[in-house]
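Just below is one structure, and these are the notes that go with it.
The values are calculated or read from the model by the stated rules, or taken from the named source; none is laboratory data. Everything quoted here is computed from the prediction, not taken from an experiment. Cβ placement follows ideal geometry from the backbone for every residue including glycine, while neighbour counts extend to all protein chains displayed. To get the accessible areas, we keep the full protein, side chains included, count just its heavy atoms, and leave off ligands, DNA and RNA. Shrake-Rupley method; radii C 1.70, N 1.55, O 1.52, S 1.80 Å.
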Amino acid sequence: MTMHRKKALFVILNLVLLAVLFTFAGWREKQAEWRHYNNNLVQLTLPDGRVERCLTCHQGIAEISPSHPIETFGCVSCHGGDGLALDKDRAHQGLRGGRNPSALSVAADSCGKEGCHVKAGSLYRSPVKTVPLVPMATKAGEITEVSFAHGWQKDWLSRYAVVKVADISGVDREALAKNKLASAVFREFEPGDHPGRQKLSQNCLSNCHLNTGRESNPKAAYLQGCAACHTPYNLEDTYQGEDPTIDRTEPGHAARHKLTAVIPYTQCNSCHNQGVHSVGRLKFYFRNDVSRQEITDPKADRDKTYYIPLTQYAACEVELDCIDCHTRNEVMGNGHLAGNKYVAQTIRCYNCHGTKEREVRFAVIDSQNHDAVWASQYFAEKFPPVEPGDVVAFTDENEPMINVRREDGQIVLYSKISGKRYVVPQVKDSNCRQSVDRQAGADCHTCHDVAPKN
């Protein structure tokens with residue numbers, strides 16, 4: 001074979017090899033996983049110039065809320081990961097919180113960025129910093145009650161939580177003296193080899209708090225942190241949205257990719273009113289009067305499902321939803337550790353109804369920059385936002401009760417869920433026989449309890 005023929009054959013073989021490689025590359029590209037969901041590459045360019053390709057696969061996923069338009073936020077700013085990668089493993093590397101970027105362990109990077117979820121100079125501090133301190137995140141009161149009852153500690157000072165957490169205000173002596181049932185730092189509760197402590201940890205501390213879904217219960221990861229309240233609950237733990245990449249049979253998912261501030265009592269009941277703890281037996285007993293499905297079903301009978309049996313409640317406490325009474329700082333914290341739920345709770349009946357001697361505290365909203373104006377923007381479509389000139393009720397902690405107002409000589413409450421307007425009856429100048437010195441809920445329930453007695 002001549003040298004010329006050898007060169008020609010070499011060129012032909014290289015061309016054939018290149019053709020095979022290009023063909024293989026094209027075939028491989030067609031077989032890429034993202035092609036199973038979309039034949040076309042989807043690129044989203046954000047206002048800051050960043051480019052993301054997440055929607056190439058996650059087509060059909062709902063925008064999480066009107067406050068988080070995808071054209072502005074994209075996906076990576078909250079979820080993390082590699083927004084340019086088309087390979088699943090590479091794209092999902094570095095996801096914050098796995099399926100839940102609002103988990104308290106990562107929420108500072110996802111939800112706590114500059115300008116997010118807090119009004120500068122406001123009495124409303126960043127919930128990323130305050131929520132980890134509330135009893136729903138620490139379970140400190142439950143740990144203290146059980147520890148005292150079983151003789152593991154000799155006083156009622158709360159020292160332990162499900163995770164270590166410190167008061168973000170430091171050792172504020174005045175605040176700690178006022179809320180005296182909490183130390184400045186909660187250490188993580190460690191059961192060690194003690195059988196009773198192990199039982200408490202396993203039966204009572206592994207679920208139903210805002211750190212649920214850590215190592216102990218990964219399938220409940222979507223019930224951690226912000227999502228525990230702000231993502232609509234799904235008893236089946238399965239996805240029901242339109243994203244084709246999410247297995248609809250796999251447990252451990254929120255029903256839909258959604259966040260909301262309109263939180264009905266059924267959402268609260270995904271943890272609350274599910275049953276009772278036995279302090280003596282260190283065991284949780286689920287309700288047997290209604291099914292777990294009914295407890296969180298908005299179509300179920302509220303009188304039967306709202307509260308556990310033998311609970312006392314007034315008519316307003318079953319007609320309204322939890323967030324109609326409980327304020328933002330009461331639920332999401334004010335920056336100080338609360339040793340138990342009684343210390344954390346600031347709302348009392350008199351905040352809306354007054355007493356025989358004292359009227360409800362009101363103040364005129366005098367500026368568009370007032371905290372009440374900012375805090376009232378996120379509820380039901382028919383809920384009237386607070387405007388300058390409105391007369392709004394205030395708690396003893398000087399927090400505006402944005403849905404309780406004085407209008408045309410009446411004291412009214414607007415439901416944050418439906419926007420419905422209620423006239424609030426007042427104790428002063430009524431036939432109420434209350435003692436001014438006895439203002440706990442149980443005192444009012446003595447006369448106003450409407451719970452079924454059977």
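With K and R counted +1 and D and E -1, the other residues having a Cβ less than 14 Å from that of Val134 yield a net charge of +2.
Considering segment 249-304, its Cα convex hull presents a mean projected area of 5.8 nm².
Each principal axis of the Cα cloud of segment 282-440 was taken in turn, and the coordinate range along them, longest first, works out to 50, 38, 34 Å.
How large is the translational diffusion coefficient of segment 65-160 in µm² per second when you combine the Kirkwood radius over alpha carbon pairs with Stokes-Einstein at 10 °C and 1.306 mPa s?
Details: Rh = 16.3 Å.
The diffusion coefficient I find is 98 µm²/s.
Rolling a 1.4 Å probe over the heavy atoms of the protein chains gives the chain an accessible area of 57 Å² per residue.
How large is the dipole of the chain about the Cα centre if only Lys and Arg carry +1 and Asp and Glu carry -1, each at its Cβ, rounded to the nearest 20 debye? Don't skip to the end; give the middle numbers.
Values: 54 positive and 53 negative charges, 270 e Å.
It works out to roughly 1300 debye.
When the C-alpha to C-alpha distance is required to be over 29 Å, the pairs from Lys304/Lys420; Lys299/Lys428; Lys139/Lys428; Lys129/Lys382 that qualify are Lys299/Lys428; Lys139/Lys428; Lys129/Lys382. Surface composition of the chain: carbon plus sulfur atoms contribute 54% of the solvent-accessible area (1.4 Å probe, protein chains only, all chains present).
Taking 30 Å as R0, compute the FRET efficiency from the Cβ-Cβ separation of Cys116 and Arg248 and round it to 0.05.
Numbers: r = 31 Å, r/R0 = 1.03.
E between Cys116 and Arg248, to the nearest 0.05, is 0.45.
Among (i) 118, 59, 47; (ii) 76, 52, 44; (iii) 102, 84, 55, only one was calculated for this model; which label is it, if the read-out is Cα extents along the principal axes in Å? Given (i) 118, 59, 47; (ii) 76, 52, 44; (iii) 102, 84, 55, the structure-derived one carries the label (i). Accessible-area rank, largest first, for Phe189, Phe362, Phe148: Phe148, Phe362, Phe189, with all protein chains present and a 1.4 angstrom probe. Each label was represented as a point 7 Å from its Cα along the Cα-to-Cβ direction; for Leu84 and Ala363 these points are 5.1 nm apart.
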